[in-house]
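One structure is given below, encoded as structure tokens.
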Amino acid sequence: MPGPGRRRQSAVQHPAPLDLAPLDPSDLDSSEDSVAQPVPVNVVAFDPVLEAGTKSTLFACPEVLLTPPDGAPRVVVMTVDQVGHPELDVLRTIREAPHRPDVVLVAAELAPGGALHAIAAGARGLLRRREADAARLSRAVLAAARGDCTLPPDLLDLLLKHSGAPGRDGDPTAAPWAAAGLTDRERSVLRMVADGHETSEIAQRLCYSPRTVTTVVHDITQRFRLRNRAHAVAYALRTGLL
């Protein structure tokens, strides 16, 4: 029976093909070619048992490559019991590393308030631990590597219901959002982006062309001077416009 090292070698040599829809370059932090190879991933957890379990799940995903603790991962999967001040501090520290990895946060429970704080701290993906099987976790990791933001659908609905008035937290960047708002089409597209759907999926479900979807996202990021899709989703949630 092959050892763990041999299994990892096989996964790296024969990655599963990815079906990635082409996106406008302005919507991406990096080129699509960079996610055609296995994404370097590291795992951070407060509990060694959670860390081992998360690594075991990722080990079954040929699209990702586990890196050593002192490596430079593209994405960090952070597994926690709750989303509190210590966890958010660690999340911010990870995001401030020199190579600025993206973070997928896996928590036992995700309340709307904690989810919003995690997104504001820089999380690119949120998953509940009971839902973080190999397929969902790898999907969230790949989305984060592309600069996309993923949320569980029911959590997104809760965030939409509980988000307050624009600018309630005194965020000076909230004013442009409040003044201009979002059209129904922009809101629909951003909701599906937040749920992790590809451009082609959004176009099919909303009966738009892929070019229209790309243009909508591009217009939003340019209008409000945002960096990418994830930045647009995070700010729209924080200001109550989604």
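I'm trying to understand the selection: among the residues of the stretch 217-242, which are within 20 Å of the chain's Cα centre (by Cα), open to solvent by 10 Å² or more (accessible area, probe 1.4 Å) and at pLDDT 75 or above?
Correct list: His218 only.
Output the residues belonging to the stretch 197-216 that are open to solvent by 10 Å² or more (accessible area, probe 1.4 Å) and within 28 Å of Arg128 (Cα to Cα).
His197, Glu198, Ser200, Glu201, Gln204, Arg205, Leu206
For the stretch 97-119, enumerate the residues that are more than 18 Å from Thr67 (Cβ to Cβ), open to solvent by 20 Å² or more (accessible area, probe 1.4 Å) and either touching an Asp or Glu at 6+ places or on another chain (Cβ under 9 Å) or not aliphatic (A, V, I, L, M) (or both).
Ala108, Glu109, Pro112, Gly113, His117
Does Arg95 satisfy the condition of being within 30 Å of Thr199 (Cβ to Cβ), of a type in the set (Lys, Arg) and modelled with pLDDT under 90? Write out each step before concluding.
On the way: within 30 Å of Thr199 (Cβ to Cβ): yes; of a type in the set (Lys, Arg): yes; modelled with pLDDT under 90: yes.
Considered against the rule, which asks whether it is within 30 Å of Thr199 (Cβ to Cβ), of a type in the set (Lys, Arg) and modelled with pLDDT under 90, Arg95 comes out as yes.
Looking only at the stretch 67-87, how many residues end up being farther than 22 Å from Cys149 by Cβ and open to solvent by less than 50 Å² (accessible area, probe 1.4 Å)?
Adding up the residues that qualify gives 2.
Could you please give the count of residues in the stretch 64-105 that are farther than 25 Å from Ala115 by Cβ and in contact (Cβ under 8 Å) with a residue 40 or more places away in the chain?
Adding up the residues that qualify gives 2.
The values are calculated or read from the model by the stated rules, or taken from the named source; none is laboratory data. Here the structure is a predicted model, which means the values were calculated and not measured. Counting neighbours? That spans all protein chains shown, and the Cβs are built from the backbone with ideal geometry, glycine included. These area figures cover heavy atoms from the full protein model, side chains too; ligands, DNA and RNA do not enter into them. Shrake-Rupley method; radii C 1.70, N 1.55, O 1.52, S 1.80 Å.
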